[in-house]
Each structure stands twice: as structure tokens, then as C-alpha cells.
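Encoded as C-alpha cells, the structure appears first; notes follow it.
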Amino acid sequence: MKTNDIKICVVGLGYVGLPLARLFSTKFQTIGFDMNQQRVDALMAGHDATLEVDDNLLQDAIQNHGFECTTDIEKIRNCNFYVVAVPTPVDENNRPDLKPLWGASETVGKVISKGDIVVYESTVYPGVTEEECLPVVERVSGLKFNLDFFAGYSPERINPGDKLHTVEKIKKVTSGSTPEIADIVDGVYNAVLINGTHKAPSIKVAEASKIIENSQRDVNIAFMNELAKIFNAMGIDTHDVIEAASSKWNFIKLSPGLVGGHCISVDPYYLIQKAQVYGVLPRVMYNARRLNDGMGDYVANQTVKLMNKKGVIVKDSKILILGITFKENCPDIRNTKVVDIYHTLKEYTDDITVYDPWANCDHVMHEYGIGITNTMPKRKFDAVILAVAHKEFIEMDIKSFVSPNGVVYDVKGILPRDIIDGRL
């Protein structure tokens, strides 16, 4: 397969697939495939609701590079380099849910031809590509893996809302099912990446590299969250401790906080489950997940404790939560832990206002059953919790929304100390 002959199809046009497809379109004939007709229509109209691809870049790709998005499987039949970028969630018991990957593999199986390559970008435990996905492609297509068609794995490294580490600047790990295919896959990605690639020796190594990236961060943040609980109990400001410790050259500076989103709070479960299949109980990873999953409840209870100390009656109190997205300055609400703060506080009062200028109100209601507003309410509250560090909140006069005896709790540790009553 020569570079000039490559025709790319990216399956899944979400936070990962769309930026990648748009980037590929600058060098290769590229088409994006998604099951959501509404999503496809919006993209072809030149707007990305996730805000990961600037409208000008998207419109340029469509108008000047022939980029197209579609739900019509017949339009992707002539491609020969398929990239799968669909979600890899967990179920209600935190077990890996591979249904999106199986579905995408069936789609590829319906259109793949002899000599074609399929590359997976979705985050998985080692072995999923070769043991779970490719057998589906074989079954549907009737072709034999590594004889009729080939495969690769290049883990996504998209950081939603990050305008510095954009997809073209990310150094990508690549791999292939044979040494020759690994070279082709590596060459395709290198053609569009500024900082190049790292070619892993096997697909399983590439899969494992991705899963430990987020697991490492999960464990490190869990340690900081545990420290926050300890120092809060002692009456010591955790952020002061971190600032002092970070004066040492080899201290890794991280902050406590809520761990949500589709990566750090989900990916470790994939490795946890697979490790147990091999008879290994990953205690550190498991305990880190439990600790981080409980931080929303901890924040709510700390707020209630501060209200009681100031004589504020918690029952039927008026509470304002600032932000519901899982991180600042982006509309991504996937697996946000702010909902845990909300549900714990609902045990005391129904008068809870959630204000987030970035989140889509309909999406939040559909996903979590929580009504939010994009407009700051003009009244005072008994407690205000800064849950997300949106730029709009940093510029707000938060104290003006708090009743005389009210409480301000700063989850992110960014507000002036003279206006807050507590923080992680």
C-alpha cells in the first residue's frame, strides 16, 4: 500500500475521531463515519458541538480538502485504511463494555477488502484488538486476519478542552500486526503529526501503554485526595503543603480534585478486570478508583459540615453549584463527578441550582436527570460550591451571591482565600 493510494475512513466522530479525521484530511482523502445523523448533519454544516475542532478548521476541511462525514456505509466501502475511534465505557458494575467496539468492528467487516488495514484508537486492555475486535471483522467480512487484511493500534491521546496539546502536536504510539504493516501505520500517522510517533513492538504493548497512562494519573491523584482528607482533618491547608513540597526538584506536583471524564475515571477498570483474569489483584489501582469515586460525596459532606459550623440550617437551604462538566472550559459532561455532589446534597434540600455556561442543558437532563441553567441566577445562596474552574467563574464576584452567613467551598483551589470557607 503506497501512501498516495491511502483512503482513510474514521469510524466514530466524537471527541477523538473528529479531530483525527479532520487532521488526516489535510494529507489524505478522508471520510468520517458515524451512526448519529444529527451529529453528521451538524458537522457537514460546519459546526462541532464538542468544540474540539474550530469551525473554521472544519469548514476548511470540507471546502478545501474534500472532507466528508456520513452515516451511509456504502460511502466508506472504497476506503482502505479504517480507523476506529469509538467510546469504551464501563457498565453499572464498572465492567468493560465492549459493545461499541464490537459494533464498529461489524461496520468495518461489512466494507473491508483484501489488503486493507484497520487501526483501533479506543482505549482497551491488552488483547482486545486481536482477541475481541478482529475476530468480529473476520466473521463479518469472511476474510482472514494477517492474510487478507491487517491491523494496527494507535491509542488516542486527546485531552478535551486542551488547546495546547492538540491532535497534530501529540506524539502518537503506533503499532501493526506485522513489521511491514507497523511501518505503514507509522508512516500514515507521521505524515500529519508535528512531533512524530513512537512505534511499539506489538499491538498489545501499544494497548498496555495507553491503559497505564491514565491509570498512573488516577493513582497519583488518589494519593493527593487522600492527603487532602488527612490535612483537612488536621486543619492544615493541603495546597500550602503541596507548594512547600514542590520546592524539591523531584516532587511531582499534582492537586486533589474530582476525577471524572471518559479516561482517567474509566480506563483503569479495563486493566483491573483483565489483571484478575490472570490471577493478579491490582490493589493499588482498585483502591485509587474507590477513593477517587468517593470525592464528590466528600465535598458535599465537607460543605454541610462548614454550614453547620456557621449556624446555617442545611435542611431546605439554597445551594449553588458552579459547573457540572468534568473539566474546565469545555462542554464535556461524560462521567462528571459533580453529580455526586448534587445527589448527596439532595438528601438535605431540593433547592439546588447548577449553573454552567459551557454544558448543554438538554444533554445534562438526558444523561443525569438534573436540570441546570446557562444563566447565572440573581439571588443569594446559603452555600456556593465552585466545582469546575471555568474562566467565567474565576472572573465572577462569587461572594456577592452568598448570604451573610453563607459558605463558599472551593473544589479547585483557585479562589482567593479571603472569600472561601473551605477547599480540597
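The values are calculated or read from the model by the stated rules, or taken from the named source; none is laboratory data. Computed from a predicted structure; not experimentally measured. Cβ coordinates were reconstructed from backbone atoms using ideal geometry, including for glycine residues, and neighbour counts include every protein chain displayed. Heavy atoms of the whole protein, side chains included, go into the accessibility calculation; ligands, DNA and RNA do not. Shrake-Rupley method; radii C 1.70, N 1.55, O 1.52, S 1.80 Å.
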**OP:** Take PRO256 and decide whether it is under 25 Å from ILE158 (Cα atoms) and either of a type in the set (Lys, Arg) or part of a helix (DSSP H, G or I) (or both).
**Re:** no
Subject >> Number of the condition not met by GLY32 [criteria: (1) within 23 Å of GLU328 (Cβ to Cβ); (2) assigned to a strand (DSSP E or B)] >> reply: (1)
**OP:** Determine which member of the set ASN232, ASN220, ASN225, ASN250 is surrounded by fewer than 18 Cβ atoms within 10 Å (Cβ to Cβ), outside any loop (DSSP other than H, G, I, E, B) and of a type outside the set (Lys, Arg).
**Re:** ASN220
Original post:
Within segment 36-60, which residues are closer than 20 Å to VAL86 by Cα, open to solvent by 40 Å² or more (accessible area, probe 1.4 Å) and either in contact (Cβ under 8 Å) with a residue 60 or more places away in the chain or among the acidic types (Asp, Glu) (or both)?
Top reply: ASP41, ALA49, LEU51
**OP:** Hand me the list of strands (runs of 3 or more DSSP E) wholly inside segment 53-157 holding 2 or more residues that are more than 26 Å from ILE211 (Cβ to Cβ).
**Re:** 68-70
Original post:
Picking from LYS229, LYS204, LYS210, LYS199, which residue would you name as being out of contact with any Lys or Arg (no Cβ under 6 Å at 6 or more places or on another chain) and within 30 Å of HIS239 (Cβ to Cβ)?
Top reply: LYS229
Subject >> Residue list for segment 163-182, filter: in contact (Cβ under 8 Å) with a residue 12 or more places away in the chain and more than 24 Å from the chain's Cα centre (by Cα) >> reply: GLY176, SER177, THR178, ILE181, ALA182
Original post:
Counting only residues that are among the acidic types (Asp, Glu) and either under 19 Å from ALA275 (Cβ atoms) or in contact with a helix residue (DSSP H, G or I) (Cβ under 6 Å, 6 or more places away or on another chain) (or both), which one in segment 123-163 is surrounded by the fewest Cβ atoms within 10 Å (Cβ to Cβ)?
Top reply: GLU131
